[in-house]
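The values are calculated or read from the model by the stated rules, or taken from the named source; none is laboratory data. Since this is a predicted model, take the numbers as computed values, not measurements. Cβ coordinates were reconstructed from backbone atoms using ideal geometry, including for glycine residues, and neighbour counts include every protein chain displayed.
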Amino acid sequence: MKNKSKLNSFYYGFPVFMVTTQDSEGGNNICTASSSISLGEKIIIGISKGSKTHSNLVAGSDAVINIPDHTQWEKVEQVGRLTGGDTLSENQTKSLSQ
């Protein structure tokens, strides 16, 4: 049976990865993302233009891509709830780095 669906977009989930950048003052930024494709030896990622990660990249920051395994899902979810504008307490920073 064929059913037509009216969708605003056709987006389905991809594996989550982490993108780490630095701002102009040397502060670290990490974002969770899931928009990516690989082409040969290249990876193409989707980053929102309004994000801290995007502004760091435009300013010239390098980026590190990390693909967490299933044992790190809780930490990935913690990071995903934060924005580049959030200031982390020392305890929050420690819990994410363990």
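Among the residues in the range 53-62, are any at pLDDT below 85 and in contact with an Asp or Glu (Cβ under 9 Å, 6 or more places away or on another chain)?
No, the range 53-62 contains no residue that is at pLDDT below 85 and in contact with an Asp or Glu (Cβ under 9 Å, 6 or more places away or on another chain).
Say we look at the range 62-77 and pick out the residues that are without any contact (Cβ under 8 Å) to a residue 40 or more places away in the chain and surrounded by 14 or more Cβ atoms within 10 Å (Cβ to Cβ); which of these is nearest to CYS31 (Cα to Cα)?
The residue in question is LYS75.
Which numbered condition in (1) of a type in the set (Asp, Glu); (2) assigned to a loop (DSSP other than H, G, I, E, B); (3) under 20 Å from PRO15 (Cα atoms) is the only one that GLU74 fails?
With (1) of a type in the set (Asp, Glu); (2) assigned to a loop (DSSP other than H, G, I, E, B); (3) under 20 Å from PRO15 (Cα atoms) applied to GLU74, the lone miss is (2).
Return only the number of the condition from (1) out of contact with any strand residue (DSSP E or B) (no Cβ under 8 Å at 6 or more places or on another chain); (2) at pLDDT 90 or above that THR20 does not satisfy.
So THR20 meets the others, but not (1).
In the range 53-75, how many are within 10 Å of VAL19 (Cβ to Cβ) and β-branched (Val, Ile, Thr)?
Counting residues in the range 53-75 that are within 10 Å of VAL19 (Cβ to Cβ) and β-branched (Val, Ile, Thr) gives 3.
Output the number of the condition that THR87 fails; it satisfies all remaining conditions of (1) assigned to a loop (DSSP other than H, G, I, E, B); (2) touching a strand residue (DSSP E or B) at 6+ places or on another chain (Cβ under 9 Å); (3) at pLDDT below 90.
(2)
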